[in-house]
1. Which ones in the stretch A:21-61 are within 13 Å of another protein chain (Cβ to nearest Cβ), among the hydrophobic types (A, V, I, L, M, F, W, C) and out of contact with any strand residue (DSSP E or B) (no Cβ under 6 Å at 6 or more places or on another chain)?
2. Which of the numbered conditions does A:Thr232 fail, given that it passes all the others? Conditions: (1) under 30 Å from A:Thr340 (Cα atoms); (2) assigned to a loop (DSSP other than H, G, I, E, B); (3) within 18 Å of the chain's Cα centre (by Cα).
3. Show me the strands (runs of 3 or more DSSP E) found entirely inside the stretch B:82-192 where at least 1 residues are modelled with pLDDT under 90, farther than 30 Å from B:Val20 by Cβ and of a type in the set (Asp, Glu).
4. Within the stretch B:154-192, can you find the residues that are at the interface with another protein chain (Cβ under 9 Å from one of its Cβ atoms), under 27 Å from B:Thr315 (Cβ atoms) and surrounded by 15 or more Cβ atoms within 10 Å (Cβ to Cβ)?
5. Give just the number: which of (1) in a loop (DSSP other than H, G, I, E, B); (2) in contact with a Lys or Arg (Cβ under 9 Å, 6 or more places away or on another chain); (3) buried (at least 20 other Cβ atoms within 10 Å of the Cβ) does A:Trp93 not satisfy?
6. Could you look through the stretch A:96-109, keep only residues that are in a helix (DSSP H, G or I) and at pLDDT 90 or above, and pick out the one that is nearest to the other protein chains (Cβ to nearest Cβ)?
7. Within the set of pairs 6 or more residues apart or between chains, which connect a residue that is basic (Lys, Arg) inside the stretch A:88-114 to a residue that is in a strand (DSSP E or B) with Cβ atoms less than 8 Å apart?
8. Out of B:Arg95, B:Arg72, which single residue is buried (at least 17 other Cβ atoms within 10 Å of the Cβ), of a type outside the set (Val, Ile, Thr) and in contact with a Ser or Thr (Cβ under 7 Å, 6 or more places away or on another chain)?
Amino acid sequence: MTERRRQPDDGTADAPLDETAQRLLNLLFIFNAAERPLTTDEIVSDADLGYGSPNRASDLRKFRRDREKLAERGVFIAEVRATDAAETEQSSWAIDRARTFAGGGIVREGDVHLLVKAIDAYLAGPAHPLAPPLNAVRIRAREELARLAGELPPEDPQRVASPTASQQNRARQNGTADALWTAFSLRRTVPLTYRNARGASSQRTVAVYGIFAHGATGYVVGLDSATQAVRTFRIDRIERVGVLGDSYEVPADFDVRPYLFLPFDLGEGEPVAATFSLPAERTRAELAALTYGRGTSERAGDGSWRWHITVRDLNAAAAFALEHARDGMRPVAPAALVDTWRDTISKAVSAHA
Amino acid sequence: MPRPRPSRRKSILTGSDRRVERAIRLLELLSSVEGTIVTADEARTYLEATDAEIDEAIALIATLADRESGARAVIFRDHDDIVLAGEGSELMPLRLSLGEGAALACVMGELHLPNDVRDRLSRALLPDGWRPDATPLVAGTVSFGAWYPALQQAIAERARIRIAYRAHGDTEARERLVDPLALEVTADAAYLRARDVLKRGERRYRLERIAAVTNLGAHTAAAAPSDSAAHAAVAESLRATAPLVELALAPGAAVPTWDGIEEMSPAPDGAGETRLKVRVAAEPWLFDHVLAAGGALRIVAPAATVDAFLTYAATLT
């Protein structure tokens, strides 16, 4: 049996082995190697495994906590009970292989190449908020290629050498982003210190429902303990994250896309129903790129588009329409928006008098 | 709105969690390659770990044994290689976490990967119980249009393609014969960088404006330059073809972050304005930004650009 002393978290090579990590890994190892389910007694009486103390109840609790810990790492150990088993029989346990392990023999080499290229394309811009999970997926995909080809595929030299790669590396090392992705993955609430746009700092606990990238900036959307409402938080304004807390479930109908905000969403004014027009030749894909899929769009009688969306800031809505004026975007309603749009043009023209 | 469901105990990510994670990842990596051997450099890269952390993972794995079956993990360093041996020590790849799965679903959807590919990747990798019709929990604002797979294939094959593309100001898409070079993504948009065969020049095409792609199959000699070379080429092209426009920015106004800004300095008259010198490839783009600024941004020179702006503004109202 190896030395069992607590190890500091900085992890030095010659430090004594971490007994908790060793026990968890050994549990995974014996279940992975086992050819039959293992009984509770076989586990909790095994001193080599890190159990077998005089206090059986304590070992049972430790085994339950270890199963939970392994589940957090994606390894699910499930109770196995034959359909005709008597109630008094003690439990047996085995890895839930379908739930734990990736499906072998399903994907093709071309699928994985396409996936790696797709992730590279998605992350090709400035340091990307989705880099932490997507880099992990990319690594899994390359390991899948290794399984198919027998060796690790050579890395794209441009990816290794480019400034983008180093930017992504910095993004990966962002502890706040990593903690938020972990909380989201484990579906555990996360306490955070948040500084809003006005510089005010507050403490709140958030159940993260979704995460989105708006350009190069990342945002989390979640149930906020401070307001008991679903709110959006800019990741780079989160000053500190705390210890993960309670478990939660993301509502089945939650969709992060309506939270992709447009400039006119951010005002303090009352929401106003607005309509913009766009020329008939714009495709649905162009419309989706412009609107982030927000609001509703329809064809008018002459074939041109009408986009209906709620706005909170008429000045920002008028500026948004003007930024896309060359695409034929025009405000249609309400009259106050059209007046604001005209007034904005007048001011721009007057500045050149 | 459902509220968080309290659990009986708290959970934190500890040093042990990270050690277990690294050891599992190392076992997965070693199990993925023939001969279960990787270089230490590969391990460091794949695990994003230091040498000490890799050694720590090796030390942990080396203790794994099952008395009943006799299975035990044998792992050691052989010079710069890491070797895994021993019966029962190989580990099949684990499924993705919920966060990784949501991010993967986002990429597959936003880049319009073919349905059969999405189905296979989903069945193989996504967490158990993931519903294919689940609403997105992860999203981005950059549009990749509907033709990413076809464009990626053409780039990989160095195939010439015909695209239907609608530029700003065009009322309908026009066909272009291009040799695709690479895909580029900025904070706002995704582009195809390609050589226009008839115009004999490099161009960028916004992906959502591409209405159709036809792979002509003919292999081209065009090869994508490196990112830095491409940026240098774009900058050089801008200098050669795009006129320099001087702008005045009102005090307190948000400073633009456009690529083509060459100079920025306080206005000489001391009025608190900021002067910008910008290379402008397309005047309507500049005019829209000046209009949207509502007087906070003013074109100073050349005079012909000011006149063109006033004419453009008059067409809107």
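The values are calculated or read from the model by the stated rules, or taken from the named source; none is laboratory data. All values derive from a computational prediction rather than experimental measurement. Cβ sites come from the backbone with ideal geometry, for glycine too, and all protein chains shown count toward neighbours.
1. A:Ala21, A:Leu24, A:Leu25, A:Leu27, A:Leu28, A:Phe29, A:Ile30, A:Ala33, A:Ala34, A:Ile43, A:Ala47, A:Leu49 - these are the residues of the stretch A:21-61 that are within 13 Å of another protein chain (Cβ to nearest Cβ), among the hydrophobic types (A, V, I, L, M, F, W, C) and out of contact with any strand residue (DSSP E or B) (no Cβ under 6 Å at 6 or more places or on another chain).
2. Looking at each condition in turn, A:Thr232 falls short on (2).
3. On the way: elements: B:138-140, B:159-165, B:174-185.
In the stretch B:82-192, the matching strands (runs of 3 or more DSSP E) lie at B:174-185.
4. B:Arg166, B:Ala173, B:Ala189
5. Every condition holds for A:Trp93 apart from (1).
6. The first filter runs over the stretch A:96-109 and keeps only residues in a helix (DSSP H, G or I), leaving A:97-100, A:109.
From what's left, at pLDDT 90 or above: A:97-100.
Working: A:Arg97: 8, A:Ala98: 6, A:Arg99: 4, A:Thr100: 6 Å.
Result: A:Arg99.
7. If the second residue must be in a strand (DSSP E or B), the pairs left are A:Arg99/A:Ala78.
8. On the way: B:Arg72 fails: in contact with a Ser or Thr (Cβ under 7 Å, 6 or more places away or on another chain).
Answer to the check: B:Arg95.
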